[in-house]
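> Have a look at this one.
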Amino acid sequence: MREQAQPIHNSAVLRATGAVSSQDIYLFHEGTHYNAYRFMGSHLTEENGEKGVRFTVWAPNALHVGLAADMNHWSGQTHSLYKIPESGLWSRFFAGITEGTFYKYDITGPDGTRFLKADPFAVRAELRPATASIVGSLNGYKWSDSTWRRKKREPYNRPINIYEIHLGTWRQKEDGSFYTYREIADLLVPYIQEMGYTHIEIMPLSEHPYDLSWGYQLTGYFALTSRYGCPQDFMYFVDQCHQAGIGVILDWVPAHFAKDAHGLRMFDGSPLFEYADPLTAEKPGWGTLTFDFGKPEVRSFLISNALFWMDVYHIDGLRVDAVTSMLRLDFEKEEGSFNRNAKGGIENEEAISLLQQLNETIFNDYPYALMMAEESSAWPGITRMTNEGGLGFNYKWNMGWMNDTLKYMETDFSERPRQHNLLTFPIYYAYSENFTLPLSHDEVVHGKKSLLDKMPGSYEQKFAGLRALLGYQMTSPGKKLLFMGGEFGQFIEWKDEEALDWFLLDYDSHRKLHRYTAALNHLYLREKALWEQDHTWEGYQWISPEDDAQSVISFVRKGRKGNGLIVLINFQPVQRMNYRIGVERPGSYMEIFNSDQEEFGGSGLVHTEVLRTVKVPWHGQKQSLELTLPPLGMVILKKITARRTAAAPQTAVAESSVKEKKTATKPRRRKPQ
């Protein structure tokens, strides 16, 4: 292990190329090595009968690369890697090095300056503030999620209700320390099942030096953060989720990386992973650097990283962060502080090409993966297929819906009639992409207030308003996402260093809101009309979008067999007596959900009786019915058969009053719209 440095001669080159194949080198430089992590980085292996570790790193402009570790007092001059000719790769096998060894690369840049860098492909890293890479193994865990992995989950006509979580602050131990991945799994999985979510989305878990970046400014893309344990611990976490029928989505950050000295910036003494031109490379608002999306080796790095999380950790999908910042060369920059493309436009054509290549590759290997773009502009074709000129994602966060909805919900009651279009306009573009409706972490930090505290009015009205907001989200077309704490009414915004205020569940209003969210989630799972036609106009029909004077909207959500739900939401703190709506299908209707139930914290203004249509034309229909709308309340009605009208039960919470016949549908691959 303590062998001396050797000059780079032909025999040394042969030793290096013997472990790194010419095919690996070719694909890496072509930008199509989608499993680059299998040969790059550090790998426990055996060569020539000796056990040790092979290290391989890309540093084409370096004059020298050595391995720095405790064994050589962190000077790599005595443990040189060999440069593979005309490849930009340095590689060498060191006998005797074992799992758990801390290391960095000792690099001499083109100007003769020496510096230490962490391994870009390392699968483990030291706990911050330490920054060394660790020789790690991804073996040793026995998965038990084969049944989950075999299932065909074409997502478009299925329920998707996501609980967004930051692992470090969901819960903490009494002393403020973190739970491990295993401990979190044992706490979180039963909670998700009880609450009725289908997926969790975890904020970034790649290694990052600064807690308050929340994982969005990375240094180790392949290194699972050691804050919560080792790779096998996280495998246990994902495995437990899958065995419980819960999907796992990971927040992924290909747009930029941190400037920390041990990271990717100026990796070999020159701009390597980032653009060489600072006007394109710099993200001044975030203090980070943009990847050079046109460089083939960077493409191999990023796409193989995306697949790495699915291959190794069985992740079900990625929420791709900050896509707008990738697409636009002028993102958050003034005129004159950015470069235009060759055509004079602001589109980063290299980023567009990379995202298309990424999605094509992911869906080739994982046809039912979730690839969700956090894209904040009106950029067209985010979820259109790449062969049609789109980016190829299958979902996009609907930031327009989120912004309009929260702006409306924060508006004082007296002003809401003049802001009614904020509720109705999002439907005009609701089917232009495959959307997810997010109420995410970004909306409850930096002085924006928590969801509960955004609501105007009295203490009771705030809770009623939040119930209405969550009901509006759940019944609107699109998949759903809610950030942790919103389900029980975290009263202050997210404290990104402390655990959620779980003690609030000791208080009646928060406990009842928690119960409401669970009941709403389970209703969503049961009622196909709320998700079966999320991405087609056939799944939505306005009853009345125009009642701005009373701040009421009413609409129908429809399943494939026409099993529709009538939804009415009153956004004013006054009840509406004898409220009439036009109904397409005459007959008897029952209230199956009401946000004003006493057990949810409401006033108890519910309908226990059957509601029957009359031949009074209304809203362009020949039939209509009357009901009372509770203040700041949502009511959901469902048509019932004649044989059920004689003894109608009260508003259902755990079970629908109408049992739908179960039908088996063969999964099929639907293209994004």
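Each reported figure results from applying straightforward, stated rules to the coordinates on display, with no laboratory input. This structure is a prediction, so every number in the text was calculated from the model and none was measured. In this analysis, Cβ positions are derived from the backbone assuming ideal geometry, glycine residues included, and neighbour counts consider all displayed protein chains.
> Holding the Cα-Cα limit at 20 Å, pick out from LYS83/LYS259; LYS283/LYS333; LYS259/LYS283 the pairs that are longer than that.
Numbers: LYS83/LYS259 26 Å; LYS283/LYS333 9 Å; LYS259/LYS283 11 Å.
In this structure, LYS83/LYS259 exceed 20 Å between Cα atoms.
> In whole Hz, with x marking every Gly and Pro, tabulate ³J(HN,Hα) for segment 37-44 from phi via Karplus 6.51 cos²θ - 1.76 cosθ + 1.60, θ = phi - 60°.
5, 7, 10, 7, x, 10, 9, 5
> First select every other residue whose beta carbon is under 11 angstrom from the beta carbon of LYS449; then total the charges, Lys and Arg +1, Asp and Glu -1. Before the final figure, lay out the partial values.
Details: positive: LYS448, LYS454, LYS462; negative: GLU410, GLU443, ASP453, GLU493.
Value of the local net charge: -1.
> Using only Cα atoms, figure out Rg for the chain and give it as a multiple of 2.2 N^0.38 Å.
1.06
> Which aspartates and glutamates, if any, have their Cα less than 13 Å from the Cα of LYS558, not counting same-chain residues under 8 positions apart?
The reachable aspartates and glutamates, counting only those whose Cα sits under 13 Å from LYS558, are GLU527, GLU532, ASP534, GLU538, GLU584.
> Provide the net charge surrounding GLU626, with neighbours chosen by a C-beta distance below 11 Å and charges set as Lys +1, Arg +1, Asp -1, Glu -1.
Values: positive: ARG576, ARG580, ARG612; negative: none.
Summing Lys and Arg as +1 and Asp and Glu as -1 gives +3.
> Taking θ = phi - 60°, what integer Hz values does the Karplus form 6.51 cos²θ - 1.76 cosθ + 1.60 yield along segment 495-508, in sequence order, with x for Gly and Pro?
Taking θ as phi minus 60°, the curve returns 8, 6, 10, 10, 5, 4, 7, 5, 4, 4, 5, 6, 9, 4 Hz for segment 495-508.
> At 1.306 mPa s and 10 °C, plugging the Kirkwood radius over alpha-carbon pairs of segment 537-644 into Stokes-Einstein gives what diffusion coefficient in µm²/s? Could you put the intermediate results ahead of the total?
Details: Rh = 14.1 Å.
This corresponds to a translational diffusion coefficient of 113 µm²/s.
> With respect to the cross-link table entries LYS152/LYS495; LYS480/LYS622; LYS480/LYS561; LYS104/LYS448; LYS448/LYS639, which display a Cα-Cα separation exceeding 31 Å? Intermediate results must be reported in sequence, preceding the final value.
Working: LYS152/LYS495 38 Å; LYS480/LYS622 34 Å; LYS480/LYS561 22 Å; LYS104/LYS448 41 Å; LYS448/LYS639 40 Å.
Violating the 31 Å limit, Cα to Cα: LYS152/LYS495; LYS480/LYS622; LYS104/LYS448; LYS448/LYS639.
> Rounded to whole Å and sorted largest first, list the principal axis extents of the Cα atoms in segment 312-463.
In descending order, the Cα extents are 52, 44, 30 Å.
> In percent, what relative contact order does segment 34-177 have, based on Cα pairs under 8 Å that are 6 or more apart in sequence?
Dividing the mean separation by the residue count of segment 34-177 yields 20 percent.
> With just the Cα atoms of segment 10-134, tell me how far they stretch along each of the three principal axes, in Å, largest first.
38, 37, 30
> Please identify the GluC sites (Glu not before Pro) of segment 32-113 that satisfy two criteria: DSSP loop assignment and at most 10 other Cβ atoms within 10 Å. Which are they?
Details: sites: GLU46, GLU47, GLU50, GLU86, GLU99; in loops: GLU86, GLU99.
Sparse-neighbourhood loop GluC sites (Glu not before Pro): GLU86.
> Also, quick follow-up: Provide the per-residue ³J(HN,Hα) series for segment 476-490, in order, calculated from phi with Karplus coefficients 6.51, -1.76, 1.60 and θ = phi - 60°, each as a whole number of Hz, with x at glycine and proline positions.
These are the phi-based 3J(HN,Hα) values: 7, x, x, 6, 10, 8, 10, 6, 3, x, x, 6, 10, x, 3 Hz.
> Continuing with the same structure: Calculated from DSSP H runs of 4 or more alone, at -39500 (n - 2.57) each and per residue, what is the 222 nm mean residue ellipticity of the chain, nearest 500? The partial results should precede the final answer.
On the way: 15 runs with 156 residues, N = 673.
That comes out to -7000 deg cm²/dmol.
> Related question: How far is the Cα center of segment 569-634 from the Cα center of segment 214-241, in Å?
If we compute the Cα centre of each part, the gap is 48 Å.
> List the aspartates and glutamates whose alpha-carbon lies under 17 Å from that of LYS151, not counting same-chain residues fewer than 8 positions away?
Correct list for LYS151: ASP239, ASP311, ASP316, ASP365.
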